[in-house]
Amino acid sequence: MTLALVPYRLRAQRLVGPPLDSPADVVGHLGAVQSQDHGTSLWSIGRRCDATITEVEAAFAAGDFVRTHVLRPTWHHVRVDDLPDLLAVTSPRVQQQLVGSVRRMGIDEKRLETGTSVVAEAVRAHGPTTRAEVAEHLADAGLEHTGSPLAHYVMNAELAGLVASGPMRGKQHTYVPLDLPAPRGTDDERLAWIARVYARGHGPFDPRDLAWWTTLTLTDARRAVELADLATVEIDGQTLHTDADVEPVEVPAAMLLSNFDELISYTRDPADLDRLGPGREQIFRASGLLLLDGALAGSWTRTVRPETVEIDVRAVVPVPRRARSAIELEAARFGRFLQREPVLSVAS
C-alpha cells in the first residue's frame, strides 16, 4: 500500500472517525477479521468500537461472530449470517488448495471426507469440543489425529460449514456445530456482494487486493468488481474502486495495531520491508505493528500483569516528539481495552 492510499483506507477501515457500535458491527463492516492470533485479533475489533477485551470476548462467547477458516486459508472472525455467502464464494478455491496439501501427506480425498465426517459428528454429538478431544475421535476411527492431518480434517469441516470455533474453555479453543442456511442469491449476486463488502471495509482497492483477500482468481475478482458497479477514484496514478465518494482523513502520527490487523494484513509494501532491514521477520512475529504517519515503522509487544500491561515499542526509525505523544495515547487506549494501567517503553 502506497502512503498516498493511507488517508483513504483509514476511513473505510474505521481506524479513524466515529467508532462502530459493537464488536459484531466491526466484524460485519469489514466482512471478516483475520484471527489466526486470536488474542491480538480481539484488539483489532475492540479498537474500532471502543470496546474492552471483556466486551469483545463476551460477544464472541455469545456467538455474535465466529472464528473459522474461510479465506486464503487462515482463521477469520465472521458474522454467522454472512458465513454461508462467504463460503459459497471462497471455499471452492480454498478447498482446492487444501486437497493438494493433504495429498502430499498421503491422504486421498475419500479419507479426507471420512475425517471431515468424524470431526463434524463428534462436535455435533458432544457440543463444544477441544482439538484434543476431536483428535481422540479421529484416533478411535483409525485416522491420523496429530499435526497437519488433524488440522486439515478440522479445516475441511470448517470450509464445509459444519463446524466453527466456539467459546473458550480456559485457554483452549473449542469447536461447535453449525447449521447454516443456504447462501443468498445467485453466484453473480454473491460475487457482487463480496466486492461491495470489501469496498466498504477495505477500499479504495484494486481487483488484485480483492483476489488476494478472497482467494478468488483475478478474473473472478475483476468480474465481481464489474457486477458490483462500484465507483472509481484516481489516487497516486491508480484507478481504484470504492463504494462511495471518498475523502482523505488526517493520518494519525502513530498507531499500535495488531500483527494481522485488516489494514496491514494485505498492504505490506516492498518499500516498507526494505526500510525495516534484515530484522523484519522478527517484527512480524511480534504481537503488534507500529505505524508512524501511516508507514510501517516497527513493532510492539505486550506483557499482561494482574493490574498493568507493559507495552514495549521498538521502532526501526527515529521517533519524533509528536509521534512519541501519539504512541502514549495509543498505549493508554490499549490499556483501557485490557482494563489495565499501561506501562510504556519506547526504543528506536
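The values are calculated or read from the model by the stated rules, or taken from the named source; none is laboratory data. From a predicted model like this one, the values you see are computed outputs, not experimental measurements. Neighbour counts run over all protein chains shown; Cβ positions are idealised from the backbone, glycine included.
A compact table of results
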read-out: Residue within segment 54-71 that is in a strand (DSSP E or B) and within 21 Å of Ala286 (Cα to Cα) present; value: no
read-out: Filter pass, Ala231 being touching a strand residue (DSSP E or B) at 6+ places or on another chain (Cβ under 6 Å), buried (at least 21 other Cβ atoms within 10 Å of the Cβ) and more than 15 Å from Asp85 (Cβ to Cβ); value: no
read-out: Some residue of segment 178-193 being in contact with a strand residue (DSSP E or B) (Cβ under 9 Å, 6 or more places away or on another chain) and of a type outside the set (Gly, Ala, Ser); value: yes
read-out: Only one of Val16, Val102 that is in contact with a helix residue (DSSP H, G or I) (Cβ under 7 Å, 6 or more places away or on another chain) and part of a loop (DSSP other than H, G, I, E, B); value: Val16
read-out: Residue list for segment 79-99, restricted to those being touching a Gly at 6+ places or on another chain (Cβ under 8 Å) and not in a helix (DSSP H, G or I); value: Arg79, Val80, Asp82
read-out: Leading residue by the ranking (surrounded by the most Cβ atoms within 10 Å (Cβ to Cβ)) among those in segment 1-53 that are among the hydroxyl-bearing types (Ser, Thr, Tyr) and farther than 18 Å from His76 by Cα; value: Tyr8
read-out: Search result, residues across segment 205-219 that are in contact (Cβ under 8 Å) with a residue 40 or more places away in the chain and of a type outside the set (A, V, I, L, M); value: Asp209, Trp212, Trp213, Thr214, Thr215, Thr217
read-out: Hey, Val123 buried (at least 17 other Cβ atoms within 10 Å of the Cβ) and either touching a Pro at 6+ places or on another chain (Cβ under 6 Å) or outside any helix (DSSP H, G or I) (or both) or not; value: yes
read-out: Residues located in segment 143-156, provided they are touching a residue at least 12 places away in the same chain (Cβ under 8 Å) and either in a loop (DSSP other than H, G, I, E, B) or not hydroxyl-bearing (Ser, Thr, Tyr) (or both); value: Leu143, Glu144, Pro149, Leu150, His152, Val154, Met155, Asn156
read-out: Subset of segment 153-198 [among the hydrophobic types (A, V, I, L, M, F, W, C) and either closer than 30 Å to Glu226 by Cβ or modelled with pLDDT under 95 (or both)]; value: Leu159, Ala160, Met168, Leu180, Ala182, Leu191, Ala192, Trp193, Ile194, Ala195, Val197
read-out: Odd one out for Ala297, checked against (1) more than 23 Å from the chain's Cα centre (by Cα); (2) buried (at least 22 other Cβ atoms within 10 Å of the Cβ); (3) among the small types (Gly, Ala, Ser); value: (1)
read-out: Residue match in segment 128-142 (condition: touching a residue at least 24 places away in the same chain (Cβ under 8 Å), crowded, with 19+ Cβ neighbours inside 10 Å and more than 27 Å from the chain's Cα centre (by Cα)); value: no
read-out: Residue selected from segment 244-286 under the condition touching a Gly at 6+ places or on another chain (Cβ under 6 Å) and more than 12 Å from Ala297 (Cα to Cα), by the criterion modelled with the lowest pLDDT; value: Asn259
